[in-house]
Amino acid sequence: MRSVYIHIPFCENICSYCDFCKMFYNEKMVDSYLDELHREIKETYQNDLIKSIYIGGGTPSCLNIKQLEKLFSIINIFKKDKDFSFTIEGNFESTSFDKLQLYKKNNVTRLSFGLESINENNLKFLDRKCDILKIKETIFYAKKLDFDINVDLMYALPTEDMTILNKDLDFILSLDVNHISTYSLIIEDHTKLKINNVQNISEDLDYLMYETICKRLKEKGYLHYEISNFAKEGFASVHNLCYWQNQEYYGFGLGASSYLSNKRMTNTKSITQYLKGLYSYYEEVLTKKEVIEYEIILRLRLNRGIYLKEFFEKYHKNLLDIYDYQELLALKLLNLEEDRLFIPEEKWYISNEIIRRLLEAEVHG
């Protein structure tokens, strides 16, 4: 089985930190885009069984009802597993009750909202809006309609201190949703923040914020199942687990990425090219060594880590024969419990460094 990501690049507002493929909403452009998206899916989809669909952006909820209906009719082409997960992203301000009902009618199971912060200075810095009553109302109706719900929290902003962070956490915890994604601010190229030469906060404060988030969410019963993600029991993101477990997926739409048959492909970010049917921008056939590297990098983001027997069955090699991780075990940067190799949670903050050292410990000869 594979998963499907569909990119909707349109937004009513462009955030200062966003480097995703996006543009301002234009009704006529959306209609043309959906027509081309339909053609791309028909050309590429191989009629295999789909276990999850994720519609991201951009801001998919900024589409009007008619456009959303068209999008859902396009998606009907996919053969879905009986337990498939179907997520759509959105902002609270563009999610109406009518849209929630339409999502339900079209078998959407999960909503992911970009909340980020409720602090006025943070919101101004991020170029975002926030209406607390609207947020509470939307969450209330989404729960009534029995959706799984994720909200995003962004932290480590230059406009933020521990008091602001804890108030954001208080509010998010009061919503009692079953999944929370947390993101430390990264100042990406080609964003307003980068152009304005904004600097990151100190690493010490960033770490303190990360540690506080982990502690508070775990105290409220959230499982810290991935470096940046927390879920109540049974509510981990099925779609994102596909990425972290290095499984195959389709990516459709502007700038979307796919991973199929050991090939990583990325679509064009040019709307002009895309609307001409020139979808592909980059394609790379991975060697077995590169596939294994991705497996390690992605799976070590998870609390479950790498199951060594499963790794051997997949690649017909013992991981220790490829990378000598004994020193990392001795330093307690990796743990080995029975068949499971993983980064201990207290070391997740430096996981990139640990993974780099593991990959450098390649066994030669």
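A compact table of results
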| quantity | calculated |
| --- | --- |
| Count of residues meeting criterion [aromatic (Phe, Trp, Tyr) and either out of contact with any strand residue (DSSP E or B) (no Cβ under 7 Å at 6 or more places or on another chain) or in a loop (DSSP other than H, G, I, E, B) (or both)] in segment 89-134 | 2 |
| Enumeration of residues in segment 340-355 that are in a helix (DSSP H, G or I), of a type outside the set (Phe, Trp, Tyr) and touching a helix residue (DSSP H, G or I) at 6+ places or on another chain (Cβ under 8 Å) | GLU345, LYS347, ILE354, ILE355 |
| From ASP161, ASP152, ASP204, residue being in contact (Cβ under 8 Å) with a residue 24 or more places away in the chain and either in the same structural domain as LEU100 (by TED's automatic domain parsing) or out of contact with any strand residue (DSSP E or B) (no Cβ under 7 Å at 6 or more places or on another chain) (or both) | ASP152 |
| Residue within segment 339-349 that is of a type in the set (Lys, Arg) and either over 25 Å from the mean Cα position of the chain (by Cα) or modelled with pLDDT under 95 (or both) present | no |
| Leading residue by the ranking (farthest from ILE8 (Cα to Cα)) among those in segment 57-92 that are surrounded by 13 or more Cβ atoms within 10 Å (Cβ to Cβ) and of a type in the set (Ser, Thr, Tyr) | SER85 |
| Unmet requirement for LEU298, which otherwise passes all of (1) in contact (Cβ under 8 Å) with a residue 60 or more places away in the chain; (2) assigned to a helix (DSSP H, G or I) | (1) |
| Condition met for SER280 (farther than 21 Å from TYR54 by Cβ, among the polar types (S, T, N, Q), free of Cβ contacts under 8 Å to residues at least 60 places away in the same chain and out of contact with any Gly (no Cβ under 7 Å at 6 or more places or on another chain)) | no |
| Test: residue in segment 113-126 that is over 19 Å from THR59 (Cβ atoms), touching a helix residue (DSSP H, G or I) at 6+ places or on another chain (Cβ under 6 Å) and either small (Gly, Ala, Ser) or outside the structural domain of GLU12 (by TED's automatic domain parsing) (or both) | no |
| Candidates LEU331, LEU358 - the one that is more than 30 Å from MET29 (Cα to Cα) and touching a residue at least 24 places away in the same chain (Cβ under 8 Å) | LEU358 |
| Some residue of segment 94-102 being closer than 16 Å to TYR249 by Cα and either touching a Phe, Trp or Tyr at 6+ places or on another chain (Cβ under 9 Å) or at pLDDT 95 or above (or both) | no |
| Residue that is nearest to GLY114 (Cα to Cα), among those in segment 185-230 that are in a helix (DSSP H, G or I), at pLDDT below 95 and among the aliphatic types (A, V, I, L, M) | LEU193 |
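The values are calculated or read from the model by the stated rules, or taken from the named source; none is laboratory data. Because the structure is a prediction, the values reported are computed rather than measured. Cβ coordinates were reconstructed from backbone atoms using ideal geometry, including for glycine residues, and neighbour counts include every protein chain displayed.
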